Number of protein chains: 2
Amino acid sequence: MTTTPALSVASPSGSFEAGPVELRALRDDDVRIDVKFAGICHSDIHQVREEWGTAIFPMVPGHEIAGVVAEVGDAVTRVKVGDHVGVGCMVDSCGECEFCKEGYEQHCVKGAVMTYNGTGYDGEKTKGGYAQGVVVSERFVLTIPEGLGLDVAAPLLCAGITTYSPLRRWGAAPGTKVAVIGMGGLGHMGVKIAAAMGAEVTVLSRTTDKADDSVKLGATKHLATKDGKVFEDLKGYFDIILNTVSADLPMEDYVGLLKARGVLVSVGLPPKKYEIAPGLLIGSSKVVAGSNIGGIPETQEMLDFCAKHDFGATVEVIGADEVDAAYDKVVDGKVRYRYVIDTSTISA
Amino acid sequence: MTTTPALSVASPSGSFEAGPVELRALRDDDVRIDVKFAGICHSDIHQVREEWGTAIFPMVPGHEIAGVVAEVGDAVTRVKVGDHVGVGCMVDSCGECEFCKEGYEQHCVKGAVMTYNGTGYDGEKTKGGYAQGVVVSERFVLTIPEGLGLDVAAPLLCAGITTYSPLRRWGAAPGTKVAVIGMGGLGHMGVKIAAAMGAEVTVLSRTTDKADDSVKLGATKHLATKDGKVFEDLKGYFDIILNTVSADLPMEDYVGLLKARGVLVSVGLPPKKYEIAPGLLIGSSKVVAGSNIGGIPETQEMLDFCAKHDFGATVEVIGADEVDAAYDKVVDGKVRYRYVIDTSTISA
């Protein structure tokens, strides 16, 4: 057992405190990582504030983790000390069910173990990446390719794979037209990835506030949805609509923007039920889908893809004492486009 | 211009009358078909009874048409006099839009011309297959392979392709588990086709009344949904659920029957909106889709597939004077599993 400086929060209304937390003694298949950067995902806030049901406190959040291998167990073969690596939303799964075997560990029948605010198969509570160290089974350690900065790589481990996986599954490619709803942490990655896949990308946002950024990141258009005009102008236009927002949307209007056989895929979780007239799907053979992060092989594929196309997330690096304020700014939509904690600023 | 004996109905409350109707003079690309059999699709009843909005009267319904080529225009190359052929739900489309070019004529941007109760690009009202003859552009004439009886082939032109297309799109194959909701005209074809594709097929029906038939047609199980037990017992079981019924269903329960990444695809049009909690789709990357018949190339593929696997629809052949009564029986769910009109019984 070792300890590492970490940021933890003691209750839903608490603020972050720096202090040492324990890391488990290395098992044969474990990797100890010196965490360099940890992204702040909106879901961290939901969990810290206990907005997603009962949470486990004290909590060390963080599932967008980038760092350097510090130590490996005897049986570890895939990474070695000094390698640049990342950890995302999961740190264990059964490894034996059909989903694990197919590389969809997030759908593990036994239930994948979440990186933090979860309980491992050994009964231990999991701790995330707002820390200077984590210990993770090598099966859930990703290689961050040379050339990708660890700061801009960190958010790829959640925001990157969450948008890459549905874009890949549903066929974003040259000749396809992709809309991305929302230009936040997820949306800005959706734009970069869809553009790198060769698709024509349109951002659909409530306002035109971020229009310049959208174009800079690879979109050809950024359209405001506020006045509803886009739903007339672009009826039947898109092959794929990637919905990254967690607000309730007029789903039928968005389905109307799809071409026949088009796909509206959501990764953001709104409060209310979808209500969709069956004829809108049946008449034009349309598809409404959801998508939950991505499996480990696809996460590696995504990292390699981003490195090949020479981009990571667009980030603002912050210190440990800025995390509480950053949470409020994320909720207010003020981040451009992902806060990443420089974990060297955590004083034990 | 020629005439042909046909069954037509003069108003939504009227009954079928036999009498001559006009067929257009053969154009260069036209095929005149001696219709031998015409299937009765539930949608015929909706249209005749004006349940789907304004209809065009007098109406000669019928879009499940099987017959023999009687005459061809000068430019026709794909079929010749004497060939066994079929016509389905469409008789024209623009031929130039991206959907037509990709073989999805049913999604033609200009609007595909429906086989009956429609208006051709020339302004003429279209007439369907409850007749001894039809004239159709060769682009919409399908070849019925040797060995497939014209009576059992007729329903393939709508019920066959409507179930084949989604099963093919969503990957029914050996190793997959397919549920078919409903054992009617569409459902019984879904069972036969999914089984022939090599999938494990389960019929989900309100009752077990048709259980023996389900197994005979290729299902391994037929389960009643009435008491709701199946929604507990088979949670997370199916890769594909093909929903062929047009009653409102508890969609969330059916989504619960899907495996992660599974697809619930509907071809039956219920009155109310689907209501689905977003988390049910997002958490397990599930898919809700619609499907509308199929394009011409895929319809030919389906006919060849059925011939190769040596099956058509399960039909009851009826005479022209039985059509009114047959409509009532279809509405009451009493047909096993498709009525097919022997058009030789239409007296002019």
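Points worth noting:
- 10 Å Cβ neighbours from other chains, averaged over peptide B:103-110: 2
- For chain B, the spherically averaged projection of the C-alpha convex hull amounts to 16.8 nm².
- In percent, rounded to a whole number, the relative contact order of chain A is 19, using alpha-carbon pairs under 8 Å and six or more apart.
- Couplings 3J(HN,Hα) of segment A:221-235, computed from phi: 9, 9, 10, 7, 9, 3, 8, x, 4, 4, 6, 8, 5, 10, 3 Hz, in residue order, whole Hz [Karplus 6.51 cos²θ - 1.76 cosθ + 1.60, θ = phi - 60°; x for Gly and Pro].
- Looking at the protein assembly as shown, the DSSP beta bridges with both ends there are about 55 percent antiparallel.
- Distribution of pairwise C-alpha distances over the protein assembly as shown, 20 Å bins, in %: 17, 43, 27, 11, 1
- For peptides A:129-135, B:226-232, sequence by mean Cβ density within 10 Å, most packed first: A:129-135, B:226-232
- Cα long-axis angle, helix B:185-196 against chain B (0 to 90 degrees, to the nearest 10): 70
- Spatial separation of Cα centroids for segment B:294-348 and segment A:129-144, in angstrom: 61
- Candidates B:SER205, B:SER246, B:SER214: whichever shows maximal mean-square fluctuation once chain B is modelled as a Gaussian network with Cα springs under 10 Å: B:SER246
- Shielding score for A:267-275, defined as the mean number of other chain Cβ atoms within 10 Å: 5
- Cβ-vector label at 7 Å, B:ASP332, separations to other copies in nm: 7.0
- Magnitude of the charge dipole for chain A, about its Cα centre and with charges confined to Cβ atoms of Lys, Arg (+1) and Asp, Glu (-1), is about 1100 debye.
- Seen from every direction in turn and averaged, the convex hull around the alpha carbons of segment B:1-128 projects onto 8.1 nm².
- Taking segment B:162-290 as the region of interest, the number of lysine pairs whose Cα atoms are within less than 13 Å, with members eight or more places apart or on different chains, is 7.
- Segment A:162-250 - Debye-derived log10 I(q)/I(0), Cα point model, q = 0.22 Å⁻¹: -1.05
- Given +1 at the Cβ of Lys and Arg, -1 at the Cβ of Asp and Glu and no other charges, the dipole of segment A:160-290 around its Cα centre is 300 debye to the nearest 20.
- Axis of helix A:159-169 versus longest Cα principal axis of chain A: the two differ by about 50°, to the nearest ten degrees.
- Springs join every pair of Cα atoms under 10 Å in this Gaussian network model of chain A, and among A:PRO155, A:PRO278, A:PRO12 the largest mean-square fluctuation is at A:PRO278.
- Peptides B:330-340, B:290-300, A:319-329 ranked from most to least packed by the mean count of surrounding Cβ atoms within 10 Å: B:290-300, B:330-340, A:319-329.
No lab work stands behind these numbers, since they all come straight from the coordinates. What you see is a predicted model, and the numbers here were worked out from it, not measured in a lab. Because the Cβ atoms are built from the backbone with ideal geometry, glycine has one as well, and the counts that use them run over all protein chains shown.
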